[in-house]
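Trainee: Below you will find the structure I want to go over with you.
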Amino acid sequence: MKTFDELEVRRPALARSYLALLEAQPGRPLTLFAPRRVGKTFFLDHDMAPEAKAAGMLPVYADLWLYKSAPLEAINHALEEALDDLLVPSGNIGKIAKTPVTKIGVLGASLDLGDAPQRRSLPESSPLRLDALVTRLAGQHRGKILLMLDEVQALADSPDDAAMIATLRAVLHKRRKSVNAIFTGSSQEGLARLMNTVGAPMYQFAQIIDFPFLGDEFLRLLAEHFGQVHPDKKLELAELRNAFQKIGFKPALMRDIVRAMSAEGLTDVQRGIESYRTSGHQVAIWLALLNSIDAFDQAVLVVIAQGQPPLSRATLKVLELIPGSKPTIAKVRSSIEKLKRNGMLSKTMVGTTIDDPLFAEFLVTHSQQGIGSGRGCTPSLTKHPPA
Ligand SMILES: Nc1ncnc2c1ncn2[C@@H]1O[C@H](COP(=O)(O)OP(=O)(O)OP(=O)(O)O)[C@@H](O)[C@H]1O
Ligand SMILES: [Mg+2]
């Protein structure tokens, strides 16, 4: 029997539809937007890459978030790795086969062929290197490349963003016969900054598409597996649907909740969520997360979790209760930016919210008890004084 961890939904048809869209508009990248933890990277890896390969393309992946300070170098590095893989296939046989033969024995004599002709080395400068790598890689592969750039909003945060975005755009356009590009992004704000700022080089360049959440297919897998573990019990699909929506369509989180329900033999999904949220293990994780930020940032988080306007005068009054805090609008703004950057807050259509809805509930219920081992929010933070 499979484990909960092995339950996976594959979306090859969705991947093929994106490939078709890319083919229909050469040189124009596609950007898949979705909030955090809903399965963007998983999709690139498990669906886009195999479908691109099946279509004769060479998928190349780079995570720009990991190399925020040097995204162009990260892209170049990924392309260089792919080129290495083509020139020296992994495994001993490949490596031996590609070792240049310089001497051939002919009837006991030896003929020296000299060194194999070397290709010109790649340019040092990153923009030129990108161009050269794309061309060389596509030539070597004898087919198109699918450049997959994960968390592309990181481009908007890098030091010389405008020049770099211009380079990327120029290369993707110029080499449109050799390369298609698909991006993902998890920050609406970052993407908007990157794509929609009038005058910015990415303006109206990439098409932004809402990446669909997993749906019933995934929930059915969970329910079926639960039924195999507990033949006398059943999880209701409608309840799972509500819960999945409530936790922001995050599959790994949903799986953790159902796994915990299975361990306890629970079938009431709402109770399952409660039990997960209040479990010692989960609370310890959240407390550790809170203790990684200072008391002021903790308090800003709580205010936002409570649905209070973070920049209001009433909020500033509450924040004054933190010893030595001297709250100002600018200070709250900078705290919000910091919390967004570290992933605790995200900006959505409805404003700035806590990224993980269960963490938000935890913040609200625990704010009475003084979050962060007494370092942070005081009980009074749960109630706003009169404005
Ligand atoms: N199609 C799927 N089927 C089953 N589980 C999935 C699927 N997609 C994602 N998951 C689970 O959700 C987890 C998070 O997915 P993933 O890392 O792809 O999300 P993401 O949107 O890239 O997140 P982040 O914003 O943190 O980069 C995965 O580790 C995996 O366990
Ligand atoms: Mg990801």
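The values are calculated or read from the model by the stated rules, or taken from the named source; none is laboratory data. For clarity, every value in this text was computed on a predicted model and none was experimentally measured. Here the Cβ positions follow ideal geometry from the backbone for every residue, glycine too, while neighbour counts run over all protein chains shown. All accessible areas refer to the heavy atoms of the entire protein, side chains included, with ligands and DNA or RNA removed. Shrake-Rupley method; radii C 1.70, N 1.55, O 1.52, S 1.80 Å.
Trainee: Right, ARG28: part of a loop (DSSP other than H, G, I, E, B), open to solvent by 70 Å² or more (accessible area, probe 1.4 Å) and within 16 Å of ligand 2 (Cβ to nearest atom) or not? Even if it seems obvious, please write down each step before you answer.
Mentor: Numbers: part of a loop (DSSP other than H, G, I, E, B): yes; open to solvent by 70 Å² or more (accessible area, probe 1.4 Å): yes; within 16 Å of ligand 2 (Cβ to nearest atom): no.
No.
Trainee: For ALA20, are the conditions met, namely being crowded, with 16+ Cβ neighbours inside 10 Å and not hydroxyl-bearing (Ser, Thr, Tyr)?
Mentor: On the way: crowded, with 16+ Cβ neighbours inside 10 Å: no; not hydroxyl-bearing (Ser, Thr, Tyr): yes.
No.
Trainee: Among the residues of the stretch 74-83, count how many are crowded, with 16+ Cβ neighbours inside 10 Å and away from ligand 2 (no atom under 16 Å from the Cβ).
Mentor: Residues of the stretch 74-83 that are crowded, with 16+ Cβ neighbours inside 10 Å, as a first pass: 74-76, 78-80, 82-83.
Restricting the remaining residues to those that are away from ligand 2 (no atom under 16 Å from the Cβ) gives 75-76, 79-80, 82-83.
Residues in the stretch 74-83 being crowded, with 16+ Cβ neighbours inside 10 Å and away from ligand 2 (no atom under 16 Å from the Cβ): 6 in total.
Trainee: Also, quick follow-up: For ILE329, which of the numbered conditions (1) in contact with a Leu (Cβ under 9 Å, 6 or more places away or on another chain); (2) under 20 Å from HIS366 (Cα atoms); (3) surrounded by fewer than 16 Cβ atoms within 10 Å (Cβ to Cβ) fails to hold?
Mentor: Failed condition: (2).
Trainee: Counting only residues that are open to solvent by 60 Å² or more (accessible area, probe 1.4 Å) and touching a residue at least 40 places away in the same chain (Cβ under 8 Å), how many does the stretch 258-269 have? Don't jump to the end; show me each part of the working.
Mentor: As a first pass, look at the stretch 258-269 and keep what is open to solvent by 60 Å² or more (accessible area, probe 1.4 Å): 259, 263-264, 268.
With touching a residue at least 40 places away in the same chain (Cβ under 8 Å) added as a condition, the list becomes 259.
Summing the residues that are open to solvent by 60 Å² or more (accessible area, probe 1.4 Å) and touching a residue at least 40 places away in the same chain (Cβ under 8 Å) in the stretch 258-269 gives 1.
Trainee: Taking interchain pairs and intrachain pairs at least six residues apart, which have beta carbon atoms under 7 angstrom, with the first residue in the stretch 56-68 and under 22 Å from ASP157 (Cβ atoms) and the second within 12 Å of ligand 1 (Cβ to nearest atom) and of a type in the set (Val, Ile, Thr)?
Mentor: Short answer, once both residue conditions are applied: LEU64/VAL152.
Trainee: Return the pair list, or none, for Cβ contacts closer than 7 Å from residues in the stretch 33-44 that are more than 15 Å from GLN245 (Cβ to Cβ) to residues that are among the hydroxyl-bearing types (Ser, Thr, Tyr) and not in a loop (DSSP other than H, G, I, E, B), at least 6 apart or on different chains.
Mentor: Qualifying pairs under 7 Å: ARG36/SER346; LYS40/THR184; LEU44/TYR61; LEU44/THR184.
Trainee: May I pose another question? Yes or no: the stretch 350-362 includes at least one residue that is closer than 20 Å to SER187 by Cα and without any contact (Cβ under 8 Å) to a residue 24 or more places away in the chain.
Mentor: Taking the stretch 350-362 as the starting set, the residues that turn out to be closer than 20 Å to SER187 by Cα are 350-360.
After this cut, where a residue has to be without any contact (Cβ under 8 Å) to a residue 24 or more places away in the chain as well, the list is 350-351.
Checking the stretch 350-362: at least one residue is closer than 20 Å to SER187 by Cα and without any contact (Cβ under 8 Å) to a residue 24 or more places away in the chain.
Trainee: A follow-up question, please. Taking GLU6 and the conditions (1) modelled with pLDDT of 90 or more; (2) more than 18 Å from GLY143 (Cβ to Cβ); (3) of a type outside the set (Lys, Arg); (4) open to solvent by less than 60 Å² (accessible area, probe 1.4 Å), which numbered condition does it fall short on, given that it satisfies the others?
Mentor: (4) is the only condition that GLU6 fails.
Trainee: Tally the residues that are in contact with a helix residue (DSSP H, G or I) (Cβ under 7 Å, 6 or more places away or on another chain), assigned to a loop (DSSP other than H, G, I, E, B) and farther than 30 Å from PRO357 by Cα, restricting the search to the stretch 31-58.
Mentor: Summing the residues that are in contact with a helix residue (DSSP H, G or I) (Cβ under 7 Å, 6 or more places away or on another chain), assigned to a loop (DSSP other than H, G, I, E, B) and farther than 30 Å from PRO357 by Cα in the stretch 31-58 gives 1.
Trainee: Test each condition in (1) part of a helix (DSSP H, G or I); (2) under 25 Å from the mean Cα position of the chain (by Cα) for LEU316 and report the one that comes out false.
Mentor: Only one criterion is unmet by LEU316, namely (2).
Trainee: Next up: Of the conditions (1) modelled with pLDDT of 90 or more; (2) among the hydrophobic types (A, V, I, L, M, F, W, C); (3) within 10 Å of ligand 1 (Cβ to nearest atom); (4) in contact with a helix residue (DSSP H, G or I) (Cβ under 8 Å, 6 or more places away or on another chain), ALA62 satisfies every one except a single condition; which number is it?
Mentor: Unmet condition: (3).
Trainee: Kindly evaluate ARG10 against the criterion of being of a type in the set (Lys, Arg), outside any helix (DSSP H, G or I) and within 16 Å of ligand 2 (Cβ to nearest atom). Reasoning before the result, please.
Mentor: On the way: of a type in the set (Lys, Arg): yes; outside any helix (DSSP H, G or I): yes; within 16 Å of ligand 2 (Cβ to nearest atom): no.
Spelling it out, it is not the case that ARG10 is of a type in the set (Lys, Arg), outside any helix (DSSP H, G or I) and within 16 Å of ligand 2 (Cβ to nearest atom).
Trainee: Mind checking which residues of the stretch 200-223 are exposed (fewer than 15 other Cβ atoms within 10 Å of the Cβ), over 30 Å from VAL171 (Cα atoms) and not small (Gly, Ala, Ser)?
Mentor: Selection gives ASP216, GLU217.
Trainee: Hey, another quick one. Where residues in the stretch 224-257 are in contact (Cβ under 8 Å) with a residue 24 or more places away in the chain and either closer than 12 Å to LEU7 by Cα or among the β-branched types (Val, Ile, Thr) (or both), which of them is most open to solvent (accessible area, probe 1.4 Å)?
Mentor: In the first step, residues of the stretch 224-257 are kept if they are in contact (Cβ under 8 Å) with a residue 24 or more places away in the chain; the result is 225-226, 228-230, 233-236, 239-244, 246-255.
Add one more test, that the residue is either closer than 12 Å to LEU7 by Cα or among the β-branched types (Val, Ile, Thr) (or both), and what stays is 225-226, 229, 247, 251-252, 254-255.
Values: HIS225: 11, PHE226: 0, VAL229: 61, ILE247: 0, PRO251: 19, ALA252: 38, MET254: 1, ARG255: 44 Å².
Here the residue is VAL229.
Trainee: Mind checking which residues of the stretch 115-156 are among the small types (Gly, Ala, Ser), open to solvent by 30 Å² or more (accessible area, probe 1.4 Å) and modelled with pLDDT under 90?
Mentor: Residues satisfying the conditions are ALA116, SER121, SER125.
Trainee: Sticking with this structure for a sec: If I ask for residues that are open to solvent by less than 20 Å² (accessible area, probe 1.4 Å) and not in a helix (DSSP H, G or I), which ones from the stretch 279-313 would you list?
Mentor: ILE293
Trainee: Okay, next question. If you scan the stretch 1-46, which residues turn out to be near ligand 1 (Cβ under 8 Å from one of its atoms), out of contact with any Asp or Glu (no Cβ under 9 Å at 6 or more places or on another chain) and farther than 20 Å from GLN188 by Cβ?
Mentor: Scanning the stretch 1-46 gives ASP5, GLU8, ASP45.
Trainee: Which members of the stretch 46-72 meet the condition of being more than 20 Å from ALA138 (Cα to Cα) and open to solvent by 10 Å² or more (accessible area, probe 1.4 Å)?
Mentor: HIS46, ASP63, TRP65, LEU66, TYR67, LYS68, SER69, ALA70
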